[in-house]
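Right, I'll just put the structure down here and ask away after.
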Amino acid sequence: MEFIAQHPWRDLLLKPLPPALQELAIASNNSDWEYIDSEMAKLGTISHETVNIADVQDRILNLFAEETKDFRLLAHLANTLQRSERPASILLAIALLADYVEAYWDIAAPQKNKRRIAQMIIQRFSNAKEAFCTAAIEEEREQSTKEFVRLKQLWQSDLALCEELDKLIVSYARSSITELPAAQTTSPAPVSQSAAVSAPQTQPAAAPKPLPHVHLDDSSERAWSKTLLKIAEIEAERSFSTPLCFQLRRHAIWFNASVPPAAGNHVTTVPPLPAEKISEFDREFSQANYALWAKVENTIAYSPYWFDGHYLSARIADKLGHSGIADVIRNELKYFLERFPDCQSLCFSNGAPFMNEKTQKWFSQKESRQATNEEYEQALTLFDSEGLQAALDSLEQAAGNEPRSLSYSQLSTIQLLKQAGCHKIARHQLENLIHRTTQLSAQEWEPSFFDNCNELKETLGNKESS
């Protein structure tokens, strides 16, 4: 996978140092080490949310590149990736461990406890397997096998470590999504009249499946988020297309956000979704089913800024006949972006936008004329309570990007000006609005309608050819 093969962290880890530095243990009073070790000790505690993971990772990588190859640093770096619950990050942790073992296992510090640290890292991979298998695509599972096999070859003289790696190879290669929920994938088979006659008049009701126990852990925001995601997962297993599943999952990943991700020139440090995973989703969309929908939703749970995934999920919902769910998905994204509007223009660390052009168009669509009327009623209420400027600001914020929605917003503005007694201004703006809109073609009036038609045409073409 290109994301793993060309990741810059691997170069920093393997950057050559003088032999003396490669063998040198990091000093206990090194300020960076003291910071890293103390911050990592907070993970899994009540102070977990205060840890700046990106800063910890930067300091570790800088130490690897400039001062030491101490194995304890690799253990901390791998821990930050294993806890992310993102398949790509977990894969990177495996690759970094294999790189380290190949280059520095025999020479780097600490010699005394190195094997015990390795066992701890392997145990954390075991702890991360559920998160990996839930969201990983086939290519990521294959890559995990390659990296674990490489690591096993490097540790072939240590039978105990190799046995643990064998277990990881098997568990990481297994997909957690094997089949569709029965209630969603099949319709009741038609019963013939003769079969109905011969069937018993009464059938004992199947015993309801007991609900699994969920430990409600609210010790930290992270713990509560994981609890909510678990509840959403259980509800999805019972009835995947219940709106509550989609609302709860999005609440779980966004409720504790207080600020947008830090960015320079709109580029954040948020890692992108691997291109291979996006390509696989695109390939599978023409044959979209509930299994694909579940994979997309699971990926969203671990990639909260992958806004294109919400559009993809909504498209799958429409394709499977759940247009109401598609509206729920867009509304949940809308609520989040109303809190953090800057996120619409931010990018991942590789420069790819959180929200591509197609997702922007989908997000900006108005559901119906009713929405415009509701916005006008809200503006009227503001006009009565706070004055004209507040009402106009309300309409400005609610305006979409397409000519259709913009025109309706401008019409509402004109109605508001009339309500305020500004008849000359209202008349002049109305004449301009009529002149502009009469010049528009149907496709210019509402381009998203034609985009949707073309997308549907494309999928129907794929369906026909298959």
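The values are calculated or read from the model by the stated rules, or taken from the named source; none is laboratory data. Just so you know, these numbers come straight off a predicted model, no measurement behind them. Quick reminder, even Gly has a Cβ in these numbers, built from the backbone with ideal geometry, and neighbours come from all protein chains shown.
Can you name every residue in segment 320-345 that is closer than 17 Å to Ile300 by Cβ, in contact (Cβ under 8 Å) with a residue 40 or more places away in the chain and either touching a Ser or Thr at 6+ places or on another chain (Cβ under 7 Å) or of a type outside the set (A, V, I, L, M, F, W, C) (or both)?
Hits for segment 320-345 are His322, Ile325, Asp327, Ile329, Glu332.
Still on this structure, please answer the following. Restricting attention to segment 268-282, does a residue exist that is at pLDDT 85 or above and more than 22 Å from Glu140 (Cβ to Cβ)?
Yes, segment 268-282 contains at least one residue that is at pLDDT 85 or above and more than 22 Å from Glu140 (Cβ to Cβ).
Still on this structure, I have one more. Quick one: which residue in Asn432, Asn401, Asn373 is surrounded by fewer than 16 Cβ atoms within 10 Å (Cβ to Cβ) and either modelled with pLDDT of 75 or more or touching an Asp or Glu at 6+ places or on another chain (Cβ under 6 Å) (or both)?
From the options Asn432, Asn401, Asn373, the qualifying one is Asn432.
If you check Ala103, Ala88, which single one turns out to be crowded, with 19+ Cβ neighbours inside 10 Å and either touching a residue at least 60 places away in the same chain (Cβ under 8 Å) or on the phi > 0 side of the Ramachandran plot (or both)?
Ala88
In this structure, does Ile36 turn out to be part of a loop (DSSP other than H, G, I, E, B), in contact (Cβ under 8 Å) with a residue 40 or more places away in the chain and farther than 26 Å from Leu273 by Cβ? Walk me through it before giving the result.
Working: part of a loop (DSSP other than H, G, I, E, B): no; in contact (Cβ under 8 Å) with a residue 40 or more places away in the chain: yes; farther than 26 Å from Leu273 by Cβ: yes.
Judged against the criteria, Ile36 is not a match.
A further question on this structure: Is it true that some residue in segment 326-346 is surrounded by 16 or more Cβ atoms within 10 Å (Cβ to Cβ) and touching a strand residue (DSSP E or B) at 6+ places or on another chain (Cβ under 8 Å)?
Yes, segment 326-346 contains a residue that is surrounded by 16 or more Cβ atoms within 10 Å (Cβ to Cβ) and touching a strand residue (DSSP E or B) at 6+ places or on another chain (Cβ under 8 Å).
Can you report the number of residues in segment 384-435 which are touching a residue at least 40 places away in the same chain (Cβ under 8 Å) and of a type outside the set (D, E, K, R)?
Result for segment 384-435: 6.
Given the options Glu67, Glu49, name the one that is surrounded by fewer than 19 Cβ atoms within 10 Å (Cβ to Cβ), of a type outside the set (Val, Ile, Thr) and in contact (Cβ under 8 Å) with a residue 60 or more places away in the chain. It would help to see each step written out before you state the result.
Working: Glu67 fails: in contact (Cβ under 8 Å) with a residue 60 or more places away in the chain.
So the residue among Glu67, Glu49 that is surrounded by fewer than 19 Cβ atoms within 10 Å (Cβ to Cβ), of a type outside the set (Val, Ile, Thr) and in contact (Cβ under 8 Å) with a residue 60 or more places away in the chain is Glu49.
Taking the condition of being in contact with a Ser or Thr (Cβ under 7 Å, 6 or more places away or on another chain), among the polar types (S, T, N, Q) and crowded, with 19+ Cβ neighbours inside 10 Å, how many residues in segment 281-319 meet it?
Residues meeting the conditions: 1.
Output the number of residues of segment 324-369 satisfying the condition of being at pLDDT 90 or above and aliphatic (A, V, I, L, M).
6
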